[in-house]
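What follows is calculated from the coordinates using simple rules that are stated; it is not laboratory data. Just so you know, these numbers come straight off a predicted model, no measurement behind them. Because the Cβ atoms are built from the backbone with ideal geometry, glycine has one as well, and the counts that use them run over all protein chains shown.
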């Protein structure tokens, strides 16, 4: 039995960041991980999928756009296996990087499944470890299928992202169930490598949590690329065979059949809240199944904190990491700046990328806010034209009276990099005026942000 | 999982609050949202609500005591929970006791023991040393910041500055809850979000007691409203280059007009003050150069007239605002001002109902004051002091006759309004009141 100040259960982006911050604050910290450090994010999530998305980008660039730029590549051969190898290499590097960080910060890594016990104790195998100050629960989520309609993940014809990230070859046809960020990104990847993709979303539009204009733009781009986007469509049942799946769909009240080689499940994730000793430790769940936490992420058990996916939405790595830092600081007796859950950027890394922060225009309408929309299309941006990436826009929703930035939505090749200007602005309560006052370098995509801010004030220059 | 109950900023200008009455007592079960206590802010009596569930375990601040915003006033926790660390961790700060009894001038009673310096030092020494496992407060905990001293840079977000400018809130007297005590939008919103309580001003006489011995002195603690008045007025008279213009107005025709209107039999009677308010609003539309705010590096002129109306209340005065008075009918003004005055006296005004005025009127006519000068309510550039209406001998059509006359005195901020500018405004006002039909012309 070893004693620590803090034990973090789960070494994903929430847990390992929490451990580093706790160690920085002088706490003797251990992190328990059953698999590889870095969790889903580093190993079977954010990082490897970004590597594949880059492969997809290069594939589309070389096949379609290169000749416009004066580069004629001749016959192009696509090798998905090599793309997967590259993505695995990136994942491994990152996981090693996390291991190195643990050593650097003198965080003890305990391999195995961590199970909570009463009184700030964690059992790993036969060992019990005690935490003098706090236990932090960061066990995350895993993929899930929909067994009720016959779509249980069988790892061959019905797969999840866990399998998709290791395929040697691409299927000829693929149905993706769920058109949120994960489904949309995989549609982009597989379509670029030659798969005929059908993207199915039960809600009325793809990327349902994004602004309706962002959804519409990506749907249009995807259709142009030959991806079938079926929104407002329900999968009623599935017949899973050895070499394929037949999906029964309900499209606008009509039954339809879709036969595909594989189905990729990308609708929701299962919470890792079973078999982690919640009951023994006195940790209770809320009515939606998330661990019940207060504003400082304290659970119902004294000295037990919870962060990341299982502490509630949004299920995003960067949200989990921030919670990890917050909790470490609370444990160390500091008073961290409260987390602003309404100011967490959301990004989908398809091409072009979709990024957003704050309210959508529909939400502004629902809340009866008085707002003005500032918009700038990339077709008028020099840098975007230079790269033939003119599909997209920057949309800033400002409060009519004071210019407060209520929400911002970007569709652009590098939207993920552009959104942070607006995140900083919102965190510090800058208004559209302050955005525009800062000189933006020319020529950049970020000029479109400044122009959208100007448009919100009724004085756009290039629009 | 104890919840610290802290003194909250219940109005935009509130820096401290006085616990008037505990509605929950030690041992009572409380739920988030329950009203725990009534708190006297600088302008009104507001409710302090619970931010967590549990039992009210400890009342730290007794009734009648004043504490700064952000200080601990009570602790909510589970019945068996150990809360002994909480009061100590918060700094053991003591509320300032209010002298309930008249103090006799005994030297031993000198207030040195409670000198603010002493208290603050004690609080600072203890405050940061909270043990790491002390439960943290439920609410994002601002370090209570002292209001900004003159000449110091005010830390506020651009959005908060815009909101404050729009509402006429003085950021210098506010405390911020953002990083490093920065004033953020939330700090300006807290005021309107808090529910107002209906509360007659009954407990306000706490400090009053009969004289006991000849020559005895009586130390009356400053009520929050009195402190605000003091702070605001020093901000006014000292730095503002005031000048004054007086004009005597013939009110015979206004008298006739009022008689005629009230003879219509409407339930809503019109007062002379209503007529003056309406005339001032219309005159300001014609002279927007007087309907302005001094903003240090610029002057803001308004096209709308939001007229502040000084109202005497038990403990001092407050200026509720008739918004867009220029666009309202005399009858609307009468109804609204009656309502505002009543609620001002009951101390039920919401913060947005007494802030944001662009010009003010103060009327002491009912006290038979012939004329007086009023102190400008910054950042406004002017205020009109209205005296009593009385029959005075004047030359009229070549004859000496008695006519109803009323004197008004305008206080002007010379940085905004020059002598002739103010005089022209008064001329228009006089013309309107002497010929009320001009108001509908």
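Average projection, convex hull of the Cα set of segment A:352-456: 5.8 square nanometres.
Using C-alpha pairs below 8 Å separated by at least 6 residues, the relative contact order for chain A is 15 percent.
Take the Cα of residue B:82, step 7 Å toward its Cβ, do the same at residue B:390, and the gap between the two points is 7.4 nm.
Does a label point 7 Å from the Cα of residue A:154, set along Cα-to-beta-carbon, have any residues of segment A:254-281 with amide nitrogen under 16 Å, and which are they? Answer for segment A:254-281: A:259-265. Per residue, chain A reaches -9000 deg cm²/dmol at 222 nm when only DSSP H runs of four or more residues are counted, each adding -39500 (n - 2.57).
The antiparallel fraction among DSSP beta bridges confined to the protein assembly as shown stands at about 75%. Hey, if you drop one equal point scatterer on each alpha-carbon of chain A and run the Debye formula without solvent, what base-10 log of I(q)/I(0) do you get at q = 0.06, 0.11 Å⁻¹? So the normalised log intensities are -0.29, -0.99. Counts of other chain beta carbons within 10 angstrom of each beta carbon in peptide B:179-186 average 2. Relative protection proxy for A:241-254, B:411-424, from highest mean packing down: B:411-424, A:241-254 (other beta-carbon atoms within 10 angstrom).
Dividing the mean sequence gap of close Cα pairs (under 8 Å, 6+ apart) by how many residues segment A:352-456 holds gives a relative contact order of 34 percent. With a 10 Å cut-off around each Cβ of A:324-334, the average count of Cβ atoms from other chains is 2.
Per-residue mean of foreign Cβ neighbours for B:155-164 is 5 (Cβ atoms of other chains, 10 Å radius). Shape analysis of the protein assembly as shown based on the Cα gyration tensor places the equivalent ellipsoid semi-axes at 63, 38, 23 Å, largest first. Remark: spin-label model distance residue A:237-residue B:21 equals 6.8 nm, labels positioned 7 Å along the Cα→Cβ axis. Taking the square roots of 5 times each eigenvalue of the Cα gyration tensor of segment A:118-163, largest first, gives ellipsoid semi-axes of 37, 11, 10 Å. The alpha carbon centroids of segment A:238-292 and segment A:304-363 are separated by 24 Å.
Measuring between their Cα centroids, segment B:298-327 and segment A:159-201 lie 64 Å from each other. Spin-label pair residue A:344-residue A:92: with each label point 7 Å from Cα along the Cα-Cβ axis, the two points sit 3.2 nm from one another.
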